[in-house]
Amino acid sequence: MTTAFPRVVGTATAAPAPTIGPEETKRAIRRIFGKVHPDQRRADRMIDHTGIAERHLTLPVEELLVDRSLSATQEIYRETVRELGREVADEALRVAGLTPADVDCIVAVSCTGYMIPSLDVYLVSDLGMRPNVRRLPITELGCGGGTAGLAVASDFVRAHPGTVVLLVSVELCSLTFQPRDTSPQNLVAAMLFGDAAAAAVVTDRALRAGPTLQVAKSHLFPNTRTYMGFDLKESGLHLVMSSEVPEMVRKHFWVLQDQFLRENNLASGSLDYYVLHPGGAKILRYLAEYGRVPERWLAPSAEILRRYGNVSSTTVLLVLDDVIRRCPPQPGARGLLASLGPGFCAEMLLLGWEDANANDEGYPDSEAAAGSLG
């Protein structure tokens with residue numbers, strides 16, 4: 001007996017209204033970092049080379065550049081993630097042709113704020129889901145959270161055939177900006193990160209054409225804990241970002257991808273499409289030069305970086321939504337969805353692509369299926 005692979009049958013995205021472009025970013029950086037980093041021309045060149053045309057912000061720039069208490073920041077975070085989460089969840093379910101009552105499990109992903117009860121509890125109430133819906137908040141996987149969330153959703157559907165999982169990711173990176181922190185890491189944050197939300201509906205019902213979620217892989221690199229993350233201090237979350245992150249892509253992405261393919265009896269270079277988290281312009285360049293990713297499939301990642309900046313866990317879901325809407329692969333195509341996150345880790349998903357009415361080969365309905373997840 002076989003069961004159809006879990007697949008993404010609906011996606012949606014949203015972002016707060018305030019935006020910032022390169023020129024306004026330059027002015028803000030002069031204001032905050034001008035005395036400590038007097039070579040403003042170098043900062044301007046860095047901004048020009050980010051590949052970012054616009055980012056969405058939770059608050060107008062002037063409000064982000066003044067001190068706030070941690071409790072005030074948390075209150076803004078709570079209200080905004082609830083609003084954006086409700087918007088993308090409702091739209092993704094509409095696209096899938098499902099209702100909130102159809103959802104059996106909700107996975108909520110966010111690392112840029114903290115709240116108990118978690119976002120999923122609010123969404124169950126706001127959307128009118130069943131009170132017995134299963135819930136899983138994922139809070140500390142950073143940029144890897146979107147990929148890991150899809151993997152968890154896939155695992156749930158595999159374990160419970162016929163069920164529906166709603167994945168919601170909301171990241172408000174701008175609220176972590178620290179006006180008094182003149183470190184290089186905070187300078188990078190001021191140039192690179194933005195705010196947005198995305199949702200995906202996962203089920204094994206062939207409701208729509210889309211990507212099937214076939215095999216997940218996590219890889220934790222040794223001795224890299226300090227490469228990426230947040231430090232929680234009195235004033236809030238402070239970004240940790242090592243210059244070694246792009247080098248990890250240069251040195252390890254192709255090797256890890258090739259190993260992943262071999263583990264699943266696929267030939268090196270056999271992928272037809274990619275859905276990749278664009279951490280920054282240098283990472284995209286290294287993915288092309290050293291990761292051997294075709295420019296055609298870096299284009300969606302570059303476009304999301306241009307329109308949103310880096311939005312942590314939400315970014316790869318923004319790319320997935322863009323691929324589904326604007327450049328869907330052919331049925332039977334094989335793809336890779338991947339992102340890097342704190343740990344330092346790589347989160348990867350082997351994808352397929354099927355039509356709405358396709359009777360895909362599926363996976364064995366046995367213990368062997370669980371074993372294939374590694």
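Summary of values
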| read-out | value |
| --- | --- |
| Unit charges on C-beta of K, R, D, E only; dipole of region 46-189, Debye | 460 |
| Under 30 Å between alpha carbons - lysine pairs in the chain that sit 8 or more apart or on different chains | 9 |
| Span per principal axis, largest first, for the Cα atoms of region 176-242 (Å) | 51, 31, 22 |
| Gyration tensor over alpha-carbon atoms, region 127-282, equivalent ellipsoid semi-axes in Å | 31, 24, 13 |
| Amide proton proximity set for VAL109, modelled H, under 5 Å, gap of 5+ | ILE138, VAL168, SER169, VAL170 |
| Contact order relative to length of region 213-371, as percent, for alpha carbon pairs under 8 angstrom and 6 or more apart | 31 |
| Packing rank of 55-64, 318-327, 137-146, 263-272, where each peptide gets the mean count of other beta carbons within 10 Å, highest leading | 137-146, 318-327, 55-64, 263-272 |
| Relative contact order for the chain, counting Cα pairs under 8 Å that sit 6 or more residues apart, in percent | 26 |
| Dimensionless Rg/Rh of region 213-371 - Kirkwood Rh, Rg from C-alpha atoms | 0.99 |
| Nonlocal amide H pairs with ARG135, under 5 Å, H built at 1.01 Å | ILE106 |
| Normalised contact order of region 2-203, rounded percent, pairs of Cα under 8 Å and 6 or more residues apart | 35 |
| Gyration tensor over alpha-carbon atoms, region 36-113, equivalent ellipsoid semi-axes in Å | 35, 19, 10 |
| Fraction of antiparallel bridges per DSSP, the chain only, in percent to nearest 5 | 75 |
| Estimated dipole of the chain in Debye, rounded to 20 [Cβ of Lys and Arg +1, of Asp and Glu -1, Cα centre] | 820 |
| ³J(HN,Hα) computed for each position of region 202-217 - Karplus, 6.51 cos²θ - 1.76 cosθ + 1.60, integer Hz, glycine/proline x | 10, 7, 9, 7, 7, 7, 8, 5, x, x, 8, 9, 9, 9, 10, 9 |
| ³J(HN,Hα) computed for each position of region 48-62 - Karplus, 6.51 cos²θ - 1.76 cosθ + 1.60, integer Hz, glycine/proline x | 4, 9, 6, x, 9, 9, 7, 10, 9, 10, 5, 10, x, 3, 4 |
| Amide H contacts of LEU237 (H built 1.01 Å from N, under 5 Å, at least 5 apart or other chain) | none |
| Geometric extent, Cα atoms of region 2-203 - Rg, Dmax (angstrom) | 18.9, 64 |
| Largest to smallest principal axis extent of the C-alpha atoms in the chain, angstrom | 68, 46, 37 |
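Any read-out appearing in this document is the output of simple, stated calculations on the displayed coordinates, not a laboratory observation. Small disclaimer: the values here were computed from a predicted structure and weren't measured. When we count neighbours, we look across all protein chains shown, and the Cβ atoms used for this are built from the backbone with ideal geometry, even at glycine.
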